[in-house]
Amino acid sequence: MAEQNDKGAKGLLNTVLILSLVSLLGIIGLGVGMYALWASKTEPKEAKVIEQKPEPGKIYDMGTFIVNLADEEVSRYVRAQIELEYSKVNLQLDGEIKERDPQIKDLINTLLNDRKSAELSTSEGKERFRRELQLKINQILKYGAVTNIYLTQFAIQ
């Protein structure tokens with residue numbers, strides 16, 4: 001009978017040991033799961049990468065242009081204030097733009113005069129005009145290039 005009590009005690013001990021082990025594994029699994037859930041919510045957010053934008057260039061005011069447009073059915077004109085942007089460090093270009101001021105103004109007048117009001121009334125049309133003007137100006141410059149053209153005032157009537 002003592003042998004049976006030993007077997008019963010051992011069986012009970014084994015059962016308690018197995019249940020304790022399963023409970024311990026469950027607690028560890030629950031802890032790992034909770035940590036994973038917590039870590040996924042508190043992951044460091046991506047740091048914003050601040051891009052260095054190029055430093056603004058020098059601005060040269062070409063003045064205000066009032067030009068007849070190429071509309072055939074109705075006489076229309078455009079009034080535009082145009083400014084050129086170019087590198088601050090290129091002193092030769094600075095002098096060249098000032099020397100070629102009349103030539104650049106003639107280019108602006110000619111290009112505006114060739115446009116119709118429908119072309120210049122859309123943002124795409126204005127952008128196309130800017131790019132074409134920039135290309136034509138850069139073709140005549142020897143010491144550098146215009147990087148951007150701004151239409152600071154623009155009205156079609």
(message) Quick check on the stretch 84-92. Is at least one of its residues more than 24 Å from Leu141 (Cβ to Cβ), surrounded by 14 or more Cβ atoms within 10 Å (Cβ to Cβ) and touching a strand residue (DSSP E or B) at 6+ places or on another chain (Cβ under 6 Å)?
(response) no
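Per-residue answers, yes or no, for (1) within 13 Å of Met62 (Cα to Cα); (2) in contact (Cβ under 8 Å) with a residue 60 or more places away in the chain:
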position	(1), (2)
Ser75	no, no
Val78	no, yes
Lys88	no, no
Lys116	no, no
Thr122	no, no
Arg131	no, no
Ile140	no, no
Gln153	yes, yes
(message) Taking the conditions exactly as written (open to solvent by 90 Å² or more (accessible area, probe 1.4 Å) and modelled with pLDDT of 90 or more), does Asp101 satisfy them or not?
(response) no
(message) Looking only at the stretch 76-116, count every residue that is over 30 Å from the mean Cα position of the chain (by Cα), more than 15 Å from Ala155 (Cβ to Cβ) and not β-branched (Val, Ile, Thr) and tell me the total.
(response) 16
(request) Please tell me if Pro54 is under 24 Å from Lys126 (Cα atoms) and modelled with pLDDT under 80. (result) yes
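The values are calculated or read from the model by the stated rules, or taken from the named source; none is laboratory data. Note that the coordinates shown come from a computational prediction; the quantities given were computed from them, not determined experimentally. Cβ sites come from the backbone with ideal geometry, for glycine too, and all protein chains shown count toward neighbours. For the accessible areas, the whole protein counts, side chains as well, though only heavy atoms, and no ligand, DNA or RNA atoms are used. Shrake-Rupley method; radii C 1.70, N 1.55, O 1.52, S 1.80 Å.
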